[in-house]
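The values are calculated or read from the model by the stated rules, or taken from the named source; none is laboratory data. Since the model is a prediction, treat every value here as computed from it, not as a measurement. So basically every Cβ, Gly included, is an ideal-geometry build from the backbone, and we count neighbours across all protein chains shown.
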Amino acid sequence: MLSNSPGKKLNIYIPDYVVFDLETTGIHPFSDKVIEISGIKVIGGVVDSEFSTLVNPMMHIPSAATRVNNITDSMVKDSPAFDVALKDFLEFAGDYVLVGHNIQLFDLKFLCRDAKNYWGKTIGNDYVDTLPLSRKYLPELEHHTLLNLAGYYNIKIKDAHRALGDCRMNQRVYECLREEIENSSGAAKEVPVCPKCGNKLKIRNGKFGMFYGCASYPDCRFTRNL
């Protein structure tokens, strides 16, 4: 939903939510464009409905992006521009909590940027980012990509790096994380978490000695004394 203030980050399991994902022309949220947006609405932990559309970015899709997501210029030429696609997605999502993997530092930045450009508003939905959530509750894993988590939970990987395929994986991963959250291990409870953004705190060495710093730095600059 559009709002004058951004939503809050949540670090819990919510049974009613919309998991979403984007495919883009590149990795820079302040210059690249969205070329696909998908979402899955979940009510009471059960999939209710799906939303998905390609987007015409009004520019050439770089070959580096196509190698990742297999989306080409010809595929998007008759697709809606992102102002139309984003409006349709926001109507689909309503005021549900948004869920996604690394959405705090990537996907939400695209949505908030374009919502401001189109309508002078931001995205007001509260959200859950499964990347820092998995880092907290599965600290024993070396890597926490969506594909790594799908493999860990024996979730079938299909249509990876397409928005709807990633949504389907992410939805199942989030439901699996529910068990970790509700029955967290001692190791998970001991992982220090940033109170501002929910990512892990790391021990860093600064000018005045050791301190805790947020793993999301420089996006989050929270620090705490050891």
Scanning for something outside any helix (DSSP H, G or I) and either within 13 Å of the chain's Cα centre (by Cα) or in contact (Cβ under 8 Å) with a residue 40 or more places away in the chain (or both), does region 147-156 turn up at least one residue? no
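Results for (1) crowded, with 16+ Cβ neighbours inside 10 Å; (2) of a type outside the set (Val, Ile, Thr); (3) out of contact with any Cys (no Cβ under 8 Å at 6 or more places or on another chain); (4) on the phi < 0 side of the Ramachandran plot, shown as yes or no for each residue.
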| site | (1), (2), (3), (4) |
| --- | --- |
| Tyr13 | yes, yes, yes, yes |
| Asp16 | no, yes, yes, yes |
| Asp21 | yes, yes, no, yes |
| Pro29 | yes, yes, yes, yes |
| Glu36 | yes, yes, yes, yes |
Which number in (1) part of a helix (DSSP H, G or I); (2) at positive phi marks the one condition that His161 misses? (1)
Residue selected from region 176-193 under the condition modelled with pLDDT under 80 and among the hydrophobic types (A, V, I, L, M, F, W, C), by the criterion nearest to the chain's Cα centre (by Cα): Val193
Of all residues making up region 120-145, the number that are part of a helix (DSSP H, G or I), aliphatic (A, V, I, L, M) and more than 24 Å from Ser31 (Cβ to Cβ): 1
Unmet criterion (only one of (1) at pLDDT below 95; (2) in a helix (DSSP H, G or I)) for Val173: (1)
If you scan region 201-216, which residues turn out to be among the basic types (Lys, Arg) and at pLDDT 75 or above? Arg204
Turns out the helices (runs of 4 or more DSSP H) fully within region 1-119 with at least 1 residues that are in contact (Cβ under 8 Å) with a residue 40 or more places away in the chain, touching a Lys or Arg at 6+ places or on another chain (Cβ under 8 Å) and of a type in the set (Gly, Ala, Ser) are 82-93, 107-119
